[in-house]
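Report on one structure; see the data block that follows.
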């Protein structure tokens, strides 16, 4: 998430065009983050992201150039997501549920191999369960490194830690995830 200082100044001054550009450059990233870390349905994801941009518009003017802009954005976003998730105790996930409440079997094409689809869902469910067991920092590090493809120094700025520490945390997070997924 690299924005030039001039652009950030425009955001701080509540420039509508800058906000629109910020939205367009970040919205997909936030959707991917929520889907890969929390497996939320579309409505919950949209609610969190909507809340973020509303609150973001109010707090961006408080940004201090002494800190990392990416860290500031992620801190605001994660706090809003956590607030939303604390309110929801009934979150559940299934890759087999259709969005329009039709039965799964009715959505299949004739050529689809149901066993392959069920195996894929099982693997996805296993990864989701393993990710749920990980601590939040490990989840976030895996997301930023492998989904957002961030460099270690970018992750370090967000977490306020050194590159060596990021590298160690990535290694430990992967080990934890592999251990949880090991079914032998």
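Every number here is computed from the coordinates shown, using simple stated rules; none is lab data. None of these values were measured; they are calculated from a predicted model. As a convention, Cβ positions derive from the backbone with ideal geometry for all residues, glycine included, and neighbour counts pool all protein chains shown.
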Label point distance in nm, residue 19-residue 55, each placed 7 Å from Cα along Cα→Cβ: 1.7 nm
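What do you get for Rg/Rh of region 5-87 when both radii come from the Cα atoms and Rh is the Kirkwood radius?
Working: Rg = 12.8 Å, Rh = 13.2 Å.
Rg/Rh: 0.97.
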To the nearest Å, what is the center-to-center distance of region 147-184 and region 58-73, using C-alpha atoms only? 24 Å
